[in-house]
Amino acid sequence: MSRVTARRPTLRITSTSQVQRPDTLAVEEPLELRINGTPLTVTMRTAGDDVDLAHGFLLSEDIIGSADDIESARYCTGKDIDGPNTYNVLDVRLRTPAPVVRRAFLTTSACGVCGKTALDQVRTRTRFPLNGTGPHVTAGTLASLPEQLRSYQRVFDVTGGIHAAGLFTSEGAALVVREDVGRHNAVDKVIGWAMRTGRVPAHDLILIVSGRASFELVQKAVMAGIPILGAVSAPSSLAVDLAAESGLTLAGFLRGSTMNVYTGAHRVQTDSQFTRPATARANGTY
């Protein structure tokens, strides 16, 4: 079985027929993340790019500030009933003692913190405050990025059930795109890639996500120093509040030639033609 997709039997029902046939699904498996041998958290994810996922998660939770803080990241033995290693346990060794880590992470929607407390914690914890930094992007370029993101969603093409996140330049060139059953995991994977390639703080990049913009996605962008976040769907109220508090440009409903810019509109340059640029490419990783 592929670690990314799996086949399952299904009954296909239409107005005129019923057919038994297999369907291709996105794989969802647990990943246990350990710090220096001690279990930290478990996330449900699509296997692949787990080291990037760990880097991005640890940055967003303020456990590390750069890739140099990590000495190694290795899979532990985690066997299933048939014997082979499941590659579902990743141990990260830090160069310095790990800080005291709360079990209730800010990225958990049910963490129980009130809105104001959550906003204050992210604003004070980020190592890369935006402070008006970041590129300007034309509205036409920003509007073109979801279509580019969709063009790299190979697993979505065969499953229809997976999220994506991508990092782009202000000229519209795709640098990295990742897919995952969890939108937060997809974002962690691209941020982890940016960290491991020396692009954090990502003050010159744009983050695009395939679904809605939740508080946790804005949090991750702020923690990585990403100044612009665009989403195909709607943001939540707390996401907009955090974006405004942190100086992040947040755009939602990026569809066709329209969008809603909720915060940081000074970074989006508009023109009467609202021109869409030719697809830009960069030597990224997909």
If the only charges are +1 at each Lys and Arg Cβ and -1 at each Asp and Glu Cβ, what is the size of the charge dipole of region 137-285 around the Cα centre, to the nearest 20 debye? 260 debye
May I ask you to evaluate 6.51 cos²θ - 1.76 cosθ + 1.60, the Karplus curve with θ = phi - 60°, for each residue of region 141-148 and list the ³J(HN,Hα) values in order in whole Hz, giving x for glycine and proline? 5, 4, 5, 7, 6, x, 5, 5
So how much slack lies between residue 94 and residue 257, counting 0.36 nm per residue of separation and subtracting their Cα-Cα distance, in nm? 54.2 nm
Could you tell me what percent of the DSSP beta bridges with both partners in region 137-285 are antiparallel, to the nearest 5? 55 percent
Cα pair distances of region 137-285 binned at 5 Å [whole percent]: 2, 11, 22, 25, 23, 13, 4, 1
Using a basic spin-label model with each label point 7 Å from the Cα along Cα→Cβ, how many nm lie between residue 44 and residue 23? 1.6 nm
Gain in span if fully extended, residue 156 to residue 32, counting 0.36 nm per residue against the direct Cα distance: 42.2 nm
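Bear in mind that the values in this text are calculations on the coordinates, not laboratory data. Nothing here was measured: the structure is a model prediction, and the numbers come from that model. Positions of Cβ are backbone-derived with ideal geometry, glycine not excepted, and every protein chain shown enters the neighbour counts.
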